[in-house]
Amino acid sequence: MNRIAHIGALGAFAGALLASGGRPEPAVALPIADPATGSCAALIGLALPGGKVAAAEEVIKGGMVSTQQGSPGLPSQAAFCRVHVELTPSPASSIKVEVWLPQMAAWNGKLLGAGNGGYGGSLLLPQLTMQGALAKGYATVGTDMGHLGTADTDAKWALGQPDRIADFGHRANHLANAVGRSVVAAYYGSKPKAAYFQGCSDGGREALMEAQRYPDDYDAIIAGAPANAWTRLMTAFMADDRAVFGRPETVIPNAKLKLLQDAAIAQCDAKDGLKDGVIDDPRTCRFDPVVLQCKAGDGPTCLSAGQVEAARALYRGARDAGGKPFFPGYMPGAEAVPGTWDVWLTGPKAQHGIFASEFFRYMVYSNPDWQSASFSLVRDYQAARRLAPVLDSDNPDIGAFLKRGGKLLLYHGWNDAAIAPENSISYYQSVLRRQPDAARSVRLFMVPGMSHCLAGPGPNVFDALGTLDHWRQGGAAPQSMIATKYDNDLFGYLGFPAKPVRTRPLCAYPRVARWTGKGSSDDAANFTCVAPIQGK
(Lines give C-alpha, C1' and ligand atoms only; values in the text may rest on other atoms or scores of the structure.)
Protein backbone atom coordinates (compact mmCIF):
# COMPACT_ATOMS: atom_id res chain seq x y z
CA MET A 1 0.00 0.00 0.00
CA ASN A 2 1.65 3.06 -0.51
CA ARG A 3 0.79 6.70 -0.77
CA ILE A 4 -2.07 3.27 -1.74
CA ALA A 5 -24.58 -1.50 -6.86
CA HIS A 6 -26.88 -2.59 -4.97
CA ILE A 7 -26.91 -5.61 -2.65
CA GLY A 8 -28.91 -7.60 -5.22
CA ALA A 9 -26.29 -7.08 -7.92
CA LEU A 10 -23.52 -7.83 -5.44
CA GLY A 11 -24.61 -11.45 -5.05
CA ALA A 12 -24.35 -12.18 -8.77
CA PHE A 13 -21.03 -10.36 -9.06
CA ALA A 14 -19.53 -12.17 -6.06
CA GLY A 15 -20.72 -15.48 -7.45
CA ALA A 16 -18.93 -14.85 -10.73
CA LEU A 17 -15.83 -13.74 -8.84
CA LEU A 18 -15.71 -16.84 -6.67
CA ALA A 19 -16.28 -19.03 -9.69
CA SER A 20 -13.35 -17.45 -11.50
CA GLY A 21 -10.91 -16.85 -8.70
CA GLY A 22 -12.12 -18.21 -5.39
CA ARG A 23 -10.32 -21.54 -5.64
CA PRO A 24 -6.62 -22.36 -5.85
CA GLU A 25 -5.23 -22.52 -9.35
CA PRO A 26 -3.71 -25.85 -10.40
CA ALA A 27 0.05 -26.10 -10.60
CA VAL A 28 1.42 -24.56 -13.78
CA ALA A 29 3.59 -26.84 -15.88
CA LEU A 30 6.83 -25.33 -17.13
CA PRO A 31 7.19 -25.29 -20.90
CA ILE A 32 9.99 -27.18 -22.54
CA ALA A 33 12.33 -24.77 -24.31
CA ASP A 34 15.80 -24.91 -25.75
CA PRO A 35 18.19 -22.95 -23.55
CA ALA A 36 18.93 -19.49 -24.86
CA THR A 37 22.40 -19.85 -23.28
CA GLY A 38 22.53 -16.27 -22.18
CA SER A 39 21.04 -14.76 -25.33
CA CYS A 40 18.49 -12.11 -24.38
CA ALA A 41 17.05 -11.70 -27.88
CA ALA A 42 16.55 -15.46 -28.22
CA LEU A 43 13.90 -15.31 -25.49
CA ILE A 44 11.50 -13.27 -27.64
CA GLY A 45 8.49 -15.36 -28.56
CA LEU A 46 9.14 -18.00 -25.88
CA ALA A 47 5.79 -19.69 -25.29
CA LEU A 48 4.55 -19.65 -21.69
CA PRO A 49 1.39 -20.92 -19.96
CA GLY A 50 -1.25 -18.33 -20.85
CA GLY A 51 1.10 -16.02 -22.74
CA LYS A 52 4.49 -15.42 -24.28
CA VAL A 53 7.63 -13.31 -24.08
CA ALA A 54 6.66 -10.14 -25.95
CA ALA A 55 10.05 -8.39 -25.82
CA ALA A 56 13.54 -8.72 -24.35
CA GLU A 57 16.28 -6.10 -24.17
CA GLU A 58 19.77 -5.76 -22.78
CA VAL A 59 20.20 -3.07 -20.11
CA ILE A 60 23.71 -1.87 -19.31
CA LYS A 61 24.87 -1.09 -15.80
CA GLY A 62 23.73 2.45 -15.05
CA GLY A 63 21.07 2.30 -17.77
CA MET A 64 17.79 3.97 -16.85
CA VAL A 65 14.93 1.60 -16.11
CA SER A 66 11.44 3.07 -16.39
CA THR A 67 8.08 1.40 -15.82
CA GLN A 68 6.36 3.19 -18.68
CA GLN A 69 7.23 5.42 -21.59
CA GLY A 70 8.13 8.91 -20.46
CA SER A 71 8.82 8.05 -16.82
CA PRO A 72 12.35 8.84 -15.57
CA GLY A 73 13.05 5.50 -13.90
CA LEU A 74 16.17 4.59 -11.92
CA PRO A 75 19.70 3.66 -13.00
CA SER A 76 20.32 -0.06 -12.95
CA GLN A 77 22.94 -1.28 -10.50
CA ALA A 78 23.91 -4.18 -12.77
CA ALA A 79 23.75 -5.21 -16.43
CA PHE A 80 20.80 -7.48 -17.14
CA CYS A 81 18.35 -8.86 -19.67
CA ARG A 82 14.93 -7.26 -19.23
CA VAL A 83 12.15 -9.60 -20.34
CA HIS A 84 8.58 -8.41 -20.95
CA VAL A 85 5.79 -10.97 -20.72
CA GLU A 86 2.06 -10.68 -21.37
CA LEU A 87 -0.33 -13.21 -19.83
CA THR A 88 -4.02 -13.76 -20.52
CA PRO A 89 -5.17 -16.61 -18.25
CA SER A 90 -8.76 -15.58 -19.05
CA PRO A 91 -10.27 -13.49 -21.86
CA ALA A 92 -10.70 -10.58 -19.43
CA SER A 93 -7.16 -10.82 -18.05
CA SER A 94 -4.11 -8.84 -19.09
CA ILE A 95 -1.15 -9.39 -16.79
CA LYS A 96 2.16 -7.66 -17.45
CA VAL A 97 5.16 -9.50 -16.04
CA GLU A 98 8.83 -8.59 -16.13
CA VAL A 99 11.75 -10.92 -15.50
CA TRP A 100 15.19 -9.40 -14.91
CA LEU A 101 18.12 -11.72 -15.60
CA PRO A 102 21.61 -10.77 -14.45
CA GLN A 103 24.49 -11.75 -16.69
CA MET A 104 25.38 -15.44 -16.63
CA ALA A 105 28.52 -14.98 -14.53
CA ALA A 106 26.70 -12.73 -12.01
CA TRP A 107 23.67 -14.98 -11.38
CA ASN A 108 23.59 -16.48 -7.89
CA GLY A 109 21.35 -19.33 -9.03
CA LYS A 110 18.24 -17.99 -7.26
CA LEU A 111 14.94 -16.38 -8.20
CA LEU A 112 13.18 -13.59 -6.29
CA GLY A 113 9.49 -12.71 -6.73
CA ALA A 114 8.83 -9.04 -5.91
CA GLY A 115 5.51 -7.90 -4.48
CA ASN A 116 3.55 -4.86 -5.57
CA GLY A 117 1.75 -2.25 -3.43
CA GLY A 118 -1.66 -0.63 -3.05
CA TYR A 119 -3.89 -1.71 -5.92
CA GLY A 120 -0.88 -2.30 -8.17
CA GLY A 121 -1.44 -1.02 -11.70
CA SER A 122 2.23 -0.66 -12.69
CA LEU A 123 5.61 -2.27 -12.10
CA LEU A 124 7.07 0.70 -10.24
CA LEU A 125 6.96 -0.76 -6.71
CA PRO A 126 8.11 -4.27 -7.65
CA GLN A 127 11.05 -2.72 -9.50
CA LEU A 128 12.31 -1.07 -6.30
CA THR A 129 12.72 -4.56 -4.82
CA MET A 130 13.99 -5.98 -8.10
CA GLN A 131 16.71 -3.31 -8.29
CA GLY A 132 18.27 -4.31 -4.99
CA ALA A 133 17.95 -8.04 -5.60
CA LEU A 134 19.47 -7.75 -9.07
CA ALA A 135 22.56 -6.11 -7.58
CA LYS A 136 22.93 -9.20 -5.35
CA GLY A 137 22.82 -11.58 -8.31
CA TYR A 138 19.18 -12.63 -8.17
CA ALA A 139 17.02 -13.23 -11.21
CA THR A 140 13.83 -11.38 -10.32
CA VAL A 141 10.20 -11.34 -11.40
CA GLY A 142 7.40 -8.84 -10.81
CA THR A 143 3.91 -8.08 -12.09
CA ASP A 144 1.47 -5.17 -12.43
CA MET A 145 -1.18 -7.39 -10.75
CA GLY A 146 -3.22 -7.66 -13.93
CA HIS A 147 -4.28 -4.13 -14.79
CA LEU A 148 -3.14 -0.62 -15.61
CA GLY A 149 -4.01 1.97 -12.97
CA THR A 150 -3.59 5.73 -12.84
CA ALA A 151 -2.08 5.33 -9.33
CA ASP A 152 -1.74 2.59 -6.72
CA THR A 153 -4.87 4.03 -5.06
CA ASP A 154 -6.95 3.42 -8.20
CA ALA A 155 -9.43 0.51 -8.22
CA LYS A 156 -11.65 1.69 -11.08
CA TRP A 157 -10.25 -1.15 -13.18
CA ALA A 158 -12.15 -3.59 -10.93
CA LEU A 159 -15.65 -2.36 -11.85
CA GLY A 160 -17.53 -5.41 -13.09
CA GLN A 161 -14.28 -7.35 -13.60
CA PRO A 162 -14.19 -10.48 -11.40
CA ASP A 163 -11.32 -11.99 -13.41
CA ARG A 164 -9.16 -8.92 -12.88
CA ILE A 165 -9.96 -8.93 -9.17
CA ALA A 166 -8.87 -12.58 -9.07
CA ASP A 167 -5.65 -11.63 -10.87
CA PHE A 168 -5.04 -8.91 -8.30
CA GLY A 169 -6.09 -11.09 -5.39
CA HIS A 170 -3.80 -14.04 -6.03
CA ARG A 171 -3.44 -15.23 -9.62
CA ALA A 172 -0.95 -12.71 -11.05
CA ASN A 173 1.86 -13.55 -8.64
CA HIS A 174 1.23 -17.29 -8.89
CA LEU A 175 1.51 -17.21 -12.67
CA ALA A 176 4.51 -14.86 -12.46
CA ASN A 177 6.32 -17.50 -10.43
CA ALA A 178 5.89 -20.03 -13.25
CA VAL A 179 6.95 -17.39 -15.78
CA GLY A 180 10.08 -16.57 -13.78
CA ARG A 181 11.08 -20.22 -13.48
CA SER A 182 10.48 -20.84 -17.20
CA VAL A 183 12.44 -17.81 -18.39
CA VAL A 184 15.30 -18.56 -15.99
CA ALA A 185 15.51 -22.14 -17.26
CA ALA A 186 15.51 -20.97 -20.88
CA TYR A 187 18.13 -18.25 -20.33
CA TYR A 188 20.58 -20.00 -18.02
CA GLY A 189 19.92 -23.61 -19.06
CA SER A 190 19.09 -24.63 -15.49
CA LYS A 191 16.31 -24.18 -12.97
CA PRO A 192 16.77 -21.88 -9.96
CA LYS A 193 18.15 -23.70 -6.94
CA ALA A 194 15.99 -21.58 -4.62
CA ALA A 195 13.08 -19.17 -5.01
CA TYR A 196 12.04 -16.45 -2.56
CA PHE A 197 9.26 -13.84 -2.45
CA GLN A 198 9.53 -10.39 -0.89
CA GLY A 199 6.81 -7.78 -0.48
CA CYS A 200 5.55 -5.06 1.83
CA SER A 201 2.08 -3.56 2.37
CA ASP A 202 -0.12 -5.13 -0.30
CA GLY A 203 3.10 -6.93 -1.23
CA GLY A 204 2.98 -8.39 2.28
CA ARG A 205 -0.58 -9.55 1.63
CA GLU A 206 0.65 -11.08 -1.63
CA ALA A 207 3.53 -12.78 0.19
CA LEU A 208 1.22 -14.43 2.70
CA MET A 209 -1.18 -15.38 -0.10
CA GLU A 210 1.68 -17.31 -1.70
CA ALA A 211 2.46 -19.12 1.55
CA GLN A 212 -1.19 -19.99 2.20
CA ARG A 213 -2.63 -20.64 -1.24
CA TYR A 214 0.37 -21.68 -3.33
CA PRO A 215 2.82 -23.24 -0.86
CA ASP A 216 4.93 -24.84 -3.61
CA ASP A 217 5.73 -21.57 -5.40
CA TYR A 218 8.46 -20.27 -3.09
CA ASP A 219 10.95 -21.77 -0.64
CA ALA A 220 11.03 -18.79 1.72
CA ILE A 221 9.01 -15.59 2.02
CA ILE A 222 9.36 -12.07 3.42
CA ALA A 223 6.11 -10.31 4.35
CA GLY A 224 6.42 -6.71 5.53
CA ALA A 225 3.52 -4.76 7.07
CA PRO A 226 1.07 -7.14 5.38
CA ALA A 227 -2.36 -5.88 4.33
CA ASN A 228 -3.43 -9.49 4.72
CA ALA A 229 -6.86 -9.03 6.30
CA TRP A 230 -7.84 -6.98 3.24
CA THR A 231 -11.62 -6.84 3.64
CA ARG A 232 -11.35 -6.06 7.35
CA LEU A 233 -8.54 -3.57 6.72
CA MET A 234 -10.47 -1.61 4.09
CA THR A 235 -13.49 -1.51 6.40
CA ALA A 236 -11.27 -0.23 9.22
CA PHE A 237 -9.78 2.34 6.85
CA MET A 238 -13.23 3.75 6.24
CA ALA A 239 -14.02 3.72 9.95
CA ASP A 240 -10.80 5.69 10.58
CA ASP A 241 -11.74 8.15 7.85
CA ARG A 242 -15.19 8.69 9.33
CA ALA A 243 -13.73 9.15 12.83
CA VAL A 244 -11.70 12.10 11.52
CA PHE A 245 -13.75 13.50 8.64
CA GLY A 246 -17.27 12.45 9.58
CA ARG A 247 -17.90 15.78 11.30
CA PRO A 248 -16.19 19.17 10.88
CA GLU A 249 -15.31 19.36 14.57
CA THR A 250 -13.32 16.09 14.51
CA VAL A 251 -10.91 17.09 11.72
CA ILE A 252 -7.34 17.30 13.09
CA PRO A 253 -5.27 19.94 11.25
CA ASN A 254 -1.85 18.62 10.27
CA ALA A 255 -0.35 21.63 12.05
CA LYS A 256 -1.51 20.09 15.34
CA LEU A 257 0.12 16.70 14.82
CA LYS A 258 3.31 17.93 16.46
CA LEU A 259 1.33 18.61 19.63
CA LEU A 260 0.41 14.93 19.77
CA GLN A 261 3.90 13.72 18.90
CA ASP A 262 5.69 15.98 21.38
CA ALA A 263 3.34 15.03 24.20
CA ALA A 264 3.70 11.31 23.49
CA ILE A 265 7.49 11.53 23.27
CA ALA A 266 7.65 13.53 26.50
CA GLN A 267 5.55 10.92 28.31
CA CYS A 268 7.02 7.74 26.87
CA ASP A 269 10.42 8.13 25.18
CA ALA A 270 12.43 7.31 28.32
CA LYS A 271 10.46 4.16 29.16
CA ASP A 272 12.97 2.03 27.23
CA GLY A 273 15.88 3.52 29.20
CA LEU A 274 17.04 5.87 26.47
CA LYS A 275 15.86 9.30 25.33
CA ASP A 276 16.40 9.15 21.58
CA GLY A 277 13.18 10.41 20.04
CA VAL A 278 11.89 6.87 19.41
CA ILE A 279 9.41 4.94 21.55
CA ASP A 280 10.71 1.39 21.45
CA ASP A 281 7.41 -0.38 22.14
CA PRO A 282 4.59 2.18 21.95
CA ARG A 283 2.13 -0.23 23.56
CA THR A 284 3.72 0.66 26.89
CA CYS A 285 2.96 4.35 26.39
CA ARG A 286 -0.80 4.46 27.07
CA PHE A 287 -0.88 8.04 25.83
CA ASP A 288 -4.22 9.85 26.16
CA PRO A 289 -4.58 12.99 24.00
CA VAL A 290 -6.98 14.47 26.53
CA VAL A 291 -3.90 16.06 28.14
CA LEU A 292 -3.89 18.42 25.13
CA GLN A 293 -7.54 19.40 25.28
CA CYS A 294 -8.24 23.12 25.31
CA LYS A 295 -9.79 24.47 28.47
CA ALA A 296 -12.47 25.97 26.26
CA GLY A 297 -13.14 25.91 22.53
CA ASP A 298 -10.16 25.54 20.22
CA GLY A 299 -6.72 27.04 19.71
CA PRO A 300 -3.40 26.54 17.90
CA THR A 301 -1.63 25.06 20.94
CA CYS A 302 -4.33 22.66 22.10
CA LEU A 303 -6.94 20.26 20.75
CA SER A 304 -10.66 20.83 20.73
CA ALA A 305 -12.91 18.22 22.32
CA GLY A 306 -13.79 16.88 18.87
CA GLN A 307 -10.13 16.61 17.86
CA VAL A 308 -9.33 14.73 21.07
CA GLU A 309 -12.20 12.36 20.26
CA ALA A 310 -10.81 11.71 16.77
CA ALA A 311 -7.24 11.18 18.02
CA ARG A 312 -8.49 8.74 20.63
CA ALA A 313 -10.34 6.80 17.93
CA LEU A 314 -7.18 6.52 15.82
CA TYR A 315 -5.04 5.34 18.74
CA ARG A 316 -7.74 2.91 19.89
CA GLY A 317 -8.58 1.45 16.49
CA ALA A 318 -11.90 0.78 14.79
CA ARG A 319 -14.72 -0.64 16.89
CA ASP A 320 -18.13 -1.95 15.98
CA ALA A 321 -21.43 -0.43 17.08
CA GLY A 322 -21.26 -2.37 20.34
CA GLY A 323 -17.79 -1.08 21.16
CA LYS A 324 -16.05 -4.37 20.41
CA PRO A 325 -12.53 -4.00 18.91
CA PHE A 326 -12.61 -4.51 15.14
CA PHE A 327 -9.07 -3.61 14.06
CA PRO A 328 -6.01 -2.36 15.99
CA GLY A 329 -5.15 1.31 16.27
CA TYR A 330 -2.10 3.43 15.47
CA MET A 331 0.82 4.01 17.79
CA PRO A 332 2.01 7.30 19.32
CA GLY A 333 5.43 8.84 18.77
CA ALA A 334 5.69 9.81 15.09
CA GLU A 335 2.41 11.56 14.34
CA ALA A 336 4.09 14.64 12.84
CA VAL A 337 6.79 12.84 10.84
CA PRO A 338 6.14 13.54 7.15
CA GLY A 339 4.55 10.56 5.44
CA THR A 340 2.78 9.21 8.51
CA TRP A 341 -0.47 10.66 9.88
CA ASP A 342 -0.48 13.55 7.40
CA VAL A 343 -0.53 11.17 4.43
CA TRP A 344 -2.63 8.33 5.78
CA LEU A 345 -4.99 9.61 8.46
CA THR A 346 -5.49 13.36 8.81
CA GLY A 347 -4.44 15.21 5.64
CA PRO A 348 -6.89 16.60 3.08
CA LYS A 349 -6.12 13.62 0.82
CA ALA A 350 -5.82 11.01 3.57
CA GLN A 351 -5.10 7.66 1.97
CA HIS A 352 -7.35 5.63 4.25
CA GLY A 353 -10.45 7.30 2.88
CA ILE A 354 -9.25 7.07 -0.72
CA PHE A 355 -8.31 3.38 -0.59
CA ALA A 356 -11.51 2.40 1.21
CA SER A 357 -13.79 4.44 -1.06
CA GLU A 358 -12.26 2.80 -4.14
CA PHE A 359 -12.70 -0.61 -2.56
CA PHE A 360 -16.37 -0.21 -1.71
CA ARG A 361 -17.26 1.57 -4.95
CA TYR A 362 -15.51 -0.64 -7.46
CA MET A 363 -15.02 -4.00 -5.76
CA VAL A 364 -17.76 -4.44 -3.19
CA TYR A 365 -20.81 -2.65 -4.59
CA SER A 366 -19.88 -2.06 -8.25
CA ASN A 367 -21.38 1.38 -7.78
CA PRO A 368 -19.18 4.41 -8.55
CA ASP A 369 -21.75 6.62 -6.80
CA TRP A 370 -21.31 4.94 -3.40
CA GLN A 371 -20.52 7.60 -0.78
CA SER A 372 -18.58 7.31 2.46
CA ALA A 373 -21.31 9.24 4.28
CA SER A 374 -23.48 6.11 4.04
CA PHE A 375 -20.84 3.89 5.67
CA SER A 376 -21.94 1.37 8.28
CA LEU A 377 -19.16 -0.82 9.67
CA VAL A 378 -21.32 -3.89 10.31
CA ARG A 379 -23.34 -3.73 7.08
CA ASP A 380 -20.47 -2.83 4.77
CA TYR A 381 -18.07 -5.33 6.30
CA GLN A 382 -20.66 -8.06 5.80
CA ALA A 383 -20.88 -7.09 2.14
CA ALA A 384 -17.09 -6.89 1.79
CA ARG A 385 -16.62 -10.38 3.24
CA ARG A 386 -17.97 -11.86 0.00
CA LEU A 387 -14.58 -11.01 -1.48
CA ALA A 388 -12.54 -12.51 1.34
CA PRO A 389 -11.86 -15.85 -0.39
CA VAL A 390 -10.16 -13.97 -3.23
CA LEU A 391 -8.47 -11.06 -1.43
CA ASP A 392 -7.75 -12.01 2.18
CA SER A 393 -4.55 -13.79 3.20
CA ASP A 394 -4.98 -13.86 6.98
CA ASN A 395 -5.44 -17.63 7.22
CA PRO A 396 -3.01 -18.84 9.92
CA ASP A 397 -2.80 -22.30 8.34
CA ILE A 398 0.54 -22.33 6.50
CA GLY A 399 1.19 -25.94 7.36
CA ALA A 400 1.78 -27.08 3.77
CA PHE A 401 4.36 -24.33 3.25
CA LEU A 402 6.17 -25.17 6.48
CA LYS A 403 6.04 -28.93 5.84
CA ARG A 404 8.17 -28.54 2.71
CA GLY A 405 10.76 -26.55 4.68
CA GLY A 406 9.42 -23.06 3.99
CA LYS A 407 10.64 -20.10 6.05
CA LEU A 408 8.55 -16.98 6.76
CA LEU A 409 10.04 -13.68 7.92
CA LEU A 410 7.51 -11.03 8.99
CA TYR A 411 8.31 -7.42 9.88
CA HIS A 412 6.33 -4.30 10.73
CA GLY A 413 7.19 -0.74 11.74
CA TRP A 414 5.83 0.36 15.11
CA ASN A 415 4.97 3.81 13.71
CA ASP A 416 3.20 2.59 10.60
CA ALA A 417 0.22 4.90 10.00
CA ALA A 418 -1.07 2.89 7.05
CA ILE A 419 -1.52 -0.59 8.53
CA ALA A 420 -1.74 -0.91 12.30
CA PRO A 421 1.38 -2.75 13.56
CA GLU A 422 -0.48 -4.98 15.99
CA ASN A 423 -2.13 -6.63 12.97
CA SER A 424 1.16 -8.41 12.26
CA ILE A 425 1.57 -9.44 15.89
CA SER A 426 -1.94 -10.86 15.84
CA TYR A 427 -1.27 -12.85 12.68
CA TYR A 428 2.08 -14.15 13.97
CA GLN A 429 0.49 -15.32 17.20
CA SER A 430 -2.38 -16.99 15.32
CA VAL A 431 0.14 -18.91 13.19
CA LEU A 432 1.89 -20.19 16.33
CA ARG A 433 -1.41 -21.21 17.90
CA ARG A 434 -2.39 -23.09 14.73
CA GLN A 435 1.01 -24.78 14.32
CA PRO A 436 3.01 -24.75 17.58
CA ASP A 437 6.12 -26.03 15.82
CA ALA A 438 5.99 -23.02 13.48
CA ALA A 439 8.21 -21.16 15.95
CA ARG A 440 11.18 -22.88 14.29
CA SER A 441 10.28 -21.58 10.82
CA VAL A 442 8.55 -18.23 11.36
CA ARG A 443 10.05 -15.01 12.69
CA LEU A 444 8.53 -11.59 13.38
CA PHE A 445 10.59 -8.41 13.72
CA MET A 446 8.93 -5.25 15.03
CA VAL A 447 10.84 -2.12 13.99
CA PRO A 448 10.88 0.83 16.44
CA GLY A 449 10.39 4.21 14.78
CA MET A 450 9.70 2.77 11.34
CA SER A 451 6.89 4.15 9.20
CA HIS A 452 5.06 2.24 6.46
CA CYS A 453 7.58 -0.18 4.91
CA LEU A 454 10.35 2.47 4.98
CA ALA A 455 11.47 5.70 6.65
CA GLY A 456 10.43 7.13 10.00
CA PRO A 457 12.52 8.45 12.92
CA GLY A 458 14.15 5.11 13.74
CA PRO A 459 16.63 2.85 11.90
CA ASN A 460 14.58 1.20 9.17
CA VAL A 461 16.89 -0.17 6.46
CA PHE A 462 17.89 -3.80 7.01
CA ASP A 463 18.86 -6.82 4.94
CA ALA A 464 15.77 -9.02 5.23
CA LEU A 465 16.64 -10.88 2.02
CA GLY A 466 20.18 -11.72 3.12
CA THR A 467 18.85 -12.85 6.50
CA LEU A 468 16.21 -15.03 4.88
CA ASP A 469 18.67 -16.57 2.42
CA HIS A 470 21.15 -17.48 5.17
CA TRP A 471 18.34 -19.04 7.18
CA ARG A 472 16.89 -21.00 4.25
CA GLN A 473 20.31 -22.27 3.20
CA GLY A 474 20.78 -23.96 6.57
CA GLY A 475 21.78 -21.17 8.93
CA ALA A 476 20.33 -20.72 12.40
CA ALA A 477 16.93 -19.09 12.73
CA PRO A 478 17.58 -15.34 12.97
CA GLN A 479 17.46 -13.81 16.43
CA SER A 480 18.30 -10.28 15.29
CA MET A 481 18.99 -8.08 12.27
CA ILE A 482 20.92 -4.80 12.15
CA ALA A 483 18.87 -1.80 11.02
CA THR A 484 20.40 1.49 9.85
CA LYS A 485 19.05 5.02 9.83
CA TYR A 486 20.41 7.01 6.85
CA ASP A 487 20.31 10.68 6.04
CA ASN A 488 18.30 9.48 3.03
CA ASP A 489 16.53 6.23 3.84
CA LEU A 490 15.32 5.60 0.29
CA PHE A 491 18.85 5.90 -1.09
CA GLY A 492 20.10 3.60 1.64
CA TYR A 493 17.39 1.07 0.82
CA LEU A 494 18.20 1.16 -2.90
CA GLY A 495 21.95 0.91 -2.34
CA PHE A 496 22.74 4.43 -3.57
CA PRO A 497 25.22 6.63 -1.64
CA ALA A 498 23.77 7.67 1.72
CA LYS A 499 25.24 8.54 5.12
CA PRO A 500 24.54 6.17 8.06
CA VAL A 501 23.27 8.08 11.09
CA ARG A 502 22.39 5.34 13.58
CA THR A 503 22.30 1.54 13.82
CA ARG A 504 20.21 -0.66 16.09
CA PRO A 505 19.51 -4.37 16.38
CA LEU A 506 16.03 -5.56 15.52
CA CYS A 507 15.13 -8.44 17.79
CA ALA A 508 12.99 -11.47 17.00
CA TYR A 509 9.61 -10.88 18.62
CA PRO A 510 8.86 -10.69 21.47
CA ARG A 511 12.39 -9.70 22.50
CA VAL A 512 13.40 -6.03 22.36
CA ALA A 513 16.69 -4.14 22.05
CA ARG A 514 18.11 -2.47 25.17
CA TRP A 515 21.15 -0.21 25.47
CA THR A 516 23.89 -1.62 27.71
CA GLY A 517 24.61 1.84 29.10
CA LYS A 518 28.10 1.84 27.64
CA GLY A 519 29.31 3.28 24.34
CA SER A 520 27.36 5.25 21.80
CA SER A 521 23.61 4.74 21.73
CA ASP A 522 23.83 5.20 17.95
CA ASP A 523 25.83 1.97 17.58
CA ALA A 524 24.03 -1.37 17.43
CA ALA A 525 27.04 -3.05 19.05
CA ASN A 526 26.07 -1.44 22.35
CA PHE A 527 22.62 -3.06 22.51
CA THR A 528 21.39 -6.50 23.48
CA CYS A 529 18.11 -8.31 22.85
CA VAL A 530 16.19 -8.91 26.08
CA ALA A 531 12.79 -10.11 27.22
CA PRO A 532 10.08 -7.45 26.97
CA ILE A 533 8.24 -5.79 29.79
CA GLN A 534 5.93 -8.36 31.37
CA GLY A 535 2.62 -8.60 29.55
CA LYS A 536 4.03 -7.45 26.21
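The values are calculated or read from the model by the stated rules, or taken from the named source; none is laboratory data. Just so it is clear, the structure is predicted and the values come from calculations on it, not from any experiment. FYI the Cβ positions are ideal-geometry reconstructions off the backbone, even for glycines, and counts take in every protein chain you see. The area values use the complete protein model at the heavy-atom level, side chains included, leaving out ligands, DNA and RNA. Shrake-Rupley method; radii C 1.70, N 1.55, O 1.52, S 1.80 Å.
Can you tell me which of A305, A255 is farther than 30 Å from G120 by Cβ, open to solvent by 30 Å² or more (accessible area, probe 1.4 Å), under 29 Å from the mean Cα position of the chain (by Cα) and among the hydrophobic types (A, V, I, L, M, F, W, C)?
Values: A305 fails: under 29 Å from the mean Cα position of the chain (by Cα).
Among A305, A255, only A255 is farther than 30 Å from G120 by Cβ, open to solvent by 30 Å² or more (accessible area, probe 1.4 Å), under 29 Å from the mean Cα position of the chain (by Cα) and among the hydrophobic types (A, V, I, L, M, F, W, C).
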* Structure fact -> Among the residues of region 217-266, the number that are in contact with a His (Cβ under 7 Å, 6 or more places away or on another chain) and aromatic (F, W, Y) is 1
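Looking only at region 378-390, decide whether some residue is over 24 Å from P505 (Cβ atoms) and under 17 Å from the mean Cα position of the chain (by Cα).
Taking region 378-390 first, the residues over 24 Å from P505 (Cβ atoms) are 378-390.
From the residues that got through so far, the ones that are under 17 Å from the mean Cα position of the chain (by Cα) too are none.
No, region 378-390 contains no residue that is over 24 Å from P505 (Cβ atoms) and under 17 Å from the mean Cα position of the chain (by Cα).
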* To do: Would you tally the residues in region 310-325 being closer than 16 Å to M234 by Cβ, out of contact with any Pro (no Cβ under 6 Å at 6 or more places or on another chain) and buried (at least 18 other Cβ atoms within 10 Å of the Cβ)?
  => 1
* Asked: Only one of these conditions is not met by G246: (1) open to solvent by 30 Å² or more (accessible area, probe 1.4 Å); (2) in contact with a Cys (Cβ under 7 Å, 6 or more places away or on another chain); (3) not polar (S, T, N, Q). Which number is it?
  -> (2)
* So which residues in region 311-329 are in contact with a helix residue (DSSP H, G or I) (Cβ under 7 Å, 6 or more places away or on another chain) and not small (G, A, S), if there are any at all? -> R312, L314, D320, F326, F327, P328
* Asked: Taking only pairs six or more apart or across chains, which ones have beta-carbon atoms under 8 Å, a first residue in region 171-198 that is within 20 Å of R472 (Cα to Cα), and a second residue that is part of a helix (DSSP H, G or I) and of a type in the set (S, T, Y)?
  -> Q198/T129
* Asked: Does any residue of region 341-348 turn out to be farther than 18 Å from V447 by Cβ, at pLDDT below 95 and open to solvent by 40 Å² or more (accessible area, probe 1.4 Å)?
  -> yes
* Do any residues in region 473-485 that are under 13 Å from L409 (Cβ atoms) have Cβ atoms under 9 Å from those of residues that are of a type in the set (D, E) and at pLDDT 95 or above, where the two are at least six apart or on different chains, and which pairs are they? -> G475/D469; M481/D463
* To do: Scan the helices (runs of 4 or more DSSP H) fully inside region 420-520 and keep the ones with 1 or more residues being open to solvent by 60 Å² or more (accessible area, probe 1.4 Å) and among the aromatic types (F, W, Y).
  => 489-494
* Structure fact -> P226 passes all but one of the listed conditions (1) in contact with an Asp or Glu (Cβ under 6 Å, 6 or more places away or on another chain); (2) closer than 18 Å to V442 by Cβ; (3) not in a helix (DSSP H, G or I); the exception is number (1)
* **Scan of region 161-186 for residues that are open to solvent by 20 Å² or more (accessible area, probe 1.4 Å), more than 13 Å from Y214 (Cβ to Cβ) and assigned to a helix (DSSP H, G or I), ordered by number** => P162, D163, R164, A185
* Asked: Name the residues in region 521-536 that are at pLDDT below 95 and open to solvent by 50 Å² or more (accessible area, probe 1.4 Å), would you?
  -> A531, I533, Q534, G535, K536
* Scope region 258-293; condition assigned to a loop (DSSP other than H, G, I, E, B) and not β-branched (V, I, T); matching residues -> G273, L274, K275, D276, G277, D280, D281, C285, R286, F287, D288
* Between a first residue in region 454-465 that is over 16 Å from Q131 (Cα atoms) and a second residue that is at pLDDT 95 or above and in a helix (DSSP H, G or I), which pairs have beta carbons less than 9 Å apart while being 6 or more apart in sequence or on different chains? -> P459/A524
* Structure fact -> Residue pairs qualifying under the 8 Å Cβ cut-off, at least six apart or on distinct chains, with the first in region 300-313 being over 17 Å from D240 (Cα atoms) and the second being open to solvent by 100 Å² or more (accessible area, probe 1.4 Å), are C302/K295
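Could you go through region 412-421 and let me know if any residue there is of a type in the set (F, W, Y) and either farther than 24 Å from A350 by Cα or touching a Cys at 6+ places or on another chain (Cβ under 8 Å) (or both).
Filtering region 412-421 down to residues of a type in the set (F, W, Y) leaves 414.
Now restrict to residues that are either farther than 24 Å from A350 by Cα or touching a Cys at 6+ places or on another chain (Cβ under 8 Å) (or both): none.
Within region 412-421, not a single residue is of a type in the set (F, W, Y) and either farther than 24 Å from A350 by Cα or touching a Cys at 6+ places or on another chain (Cβ under 8 Å) (or both).
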